[in-house]
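Structure first, then comments.
The values are calculated or read from the model by the stated rules, or taken from the named source; none is laboratory data. Remember, predicted model here, so these are calculated numbers, not experimental data. A quick note on method: Cβ atoms are made from the backbone with ideal geometry, for glycine too, and the neighbour counts reach across all protein chains shown.
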Amino acid sequence: MLSIALAGKPNAGKSTFYQAATMAEVDVGNYPFTTIDPNRGVSHVRTRCPCLDMDERCGNDNCTDGKRYVPVELLDVAGLVPGAHEGRGLGNQFLDALTDADVILNVVDAAGATNAEGEPVEVGTFDPLEEATFIEEEMDRWLAGIVDRNWESVERKSRSPDFDIDDALTELLTGFGADEYDVTATLREIDYPENPREWDADHRETLARDLRARTKPIVLVANKVDIAPEENIEALREVDKPMVPCTADGELALRNGAEAGILAYDPGDEDFEILGDVSNAQQQGLEQIRDVMAAHGGTGVQSALNEAVYGLLDHITAYPVQNDTRWTDGTGNVLPDAFLLPDGSTPKDLAFTVHTDIGEGYLHAVDARANRRISEDHELEEGDVIKIVSTAS
C-alpha cells in the first residue's frame, strides 16, 4: 500500500485533513503540538471504476456508482517548527516518521492565520509562502546531517579494492526509504569526486537534496482557502510544485453530514445535495462550503490525495480477475481488487503485486477488455482489467 504523509507546521490543519480523509477520531485543537505521536490510517484515492463499462455496477464496497476508491496509507505527523532538523520541537522524531512515506502533502495555512510556530494570529498576518518550502528545507538539512554523521563509514569502505559507491550509499540511505535505483539515479544527476574522502559538505548536501526530491516528492496543500485572502492563493500557485487549494474543515463537515444521512456527498464530488432538515446556521455554513467548492472544483482533500498518487507519483490502477469474461474472482465477486502500480508497469509486475507466488509462477496474461492475450512486457494503462495465468493457484 502506498504511504502518503501529511507534514507542515503546527495548527495548519493536518489533523483535520487526516480526520476528513480517514474518518478516524483524532485530537484536533487550535494550539501547537496537538498531535505528538503520528496517526496512521487508511484513506483512498478516487478513480473511474471499470464497472461503468458493464451493464450493472460491481457492488464492491470500495465502489459507489462507478466511483472507485483505492486504499492508501495516510500518516499524520506532528507539526514541524523552524530548526526541526536540529531537533527543535522534537523535530528529529517527527522527521524520522516521514522516512517510509512515498510522497508528502505539505499542508500550508493559506489564510496566514498562524505564525511560524503555529500560534494563532489575525488572518492575513503571516505570509504562507514561508511555509511553501519550509518542509523540504527541513527534510533536506536533516538528511544532509545524517549523511554527514555517517560519512566516515563510507570513507572506510572506500579503502576496500571492491568498493562500490552505489552499494555503500544504498546501505547508508536505506533507512530513509531509498533503494539502489534511487541512489544510482541521484549519482547520475550530480557532480562528485570518485573518492569519497574528497567529498565536502556541499557534495553531501547536494546528494541529500536530490535524493530527498526523488524519494519524497511534495504536493503543496493550500488549506483554509475558505478564509484565505485571494492574493495568498495566487502567490502559492506560483510556487514551483503541484498546489491544491483545500478546505479540510469543509470536507470534514460534508463527510459528517453524509454519515448522518443529512447530505448526499461522496469524497471528491464537486457539489453535494441536502437531504434532511438543517438549521439556518447549518444552511448558511453549507452554502459557504458550496461556494468554495464551486471556485476550486471541490474541497481539495480528495484532489490532493489524487494529485499525490496519480499525478506526482504517476501511478495507474489495474484490476486483476480470474474470469476474463465476467471480470470476477473465483467466487464470483466482480472486480474484487484494485492495485496501484507505477506507470509503465507490466502484467508480470501486477502478478508480483498480487502475490509473490503468482509472480514467480507467471505464464501469461489476458486483457479482459479486449479479450486477447498480451505480452509480458505490455505496458498497462489506467483501468485495465487483467486475467493473470500462473502456476500458483
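Candidates 308, 253: the one that is over 17 Å from residue 64 (Cβ atoms), touching a strand residue (DSSP E or B) at 6+ places or on another chain (Cβ under 6 Å) and either in contact (Cβ under 8 Å) with a residue 24 or more places away in the chain or surrounded by 15 or more Cβ atoms within 10 Å (Cβ to Cβ) (or both) is 308. Comparison of 174, 206, 170 shows that the only residue that is within 18 Å of residue 101 (Cβ to Cβ) and free of Cβ contacts under 8 Å to residues at least 24 places away in the same chain is 174. Screening region 114-223 for helices (runs of 4 or more DSSP H) wholly inside it with 2 or more residues that are of a type in the set (Asp, Glu) and surrounded by fewer than 17 Cβ atoms within 10 Å (Cβ to Cβ) returns the ranges 134-157, 165-173, 180-189. Give region 364-379 a look and list any residue that's farther than 14 Å from residue 324 by Cβ and over 25 Å from the mean Cα position of the chain (by Cα), or say none. Passing the criteria: 375, 376, 377, 378. Any residue in region 18-31 that is under 25 Å from residue 217 (Cβ atoms), modelled with pLDDT of 95 or more, surrounded by fewer than 21 Cβ atoms within 10 Å (Cβ to Cβ) and not acidic (Asp, Glu)? Yes, region 18-31 contains a residue that is under 25 Å from residue 217 (Cβ atoms), modelled with pLDDT of 95 or more, surrounded by fewer than 21 Cβ atoms within 10 Å (Cβ to Cβ) and not acidic (Asp, Glu). For beta carbons closer than 6 Å, sequence separation of 6+ or different chains, a first residue in region 116-143 that is β-branched (Val, Ile, Thr) and a second that is modelled with pLDDT of 85 or more, the qualifying pairs are 121/115; 123/111; 123/113; 123/227; 125/112; 135/7; 135/106.
Taken over region 2-17, the residue count meeting the criterion of being within 16 Å of residue 216 (Cα to Cα) and assigned to a loop (DSSP other than H, G, I, E, B) is 2.
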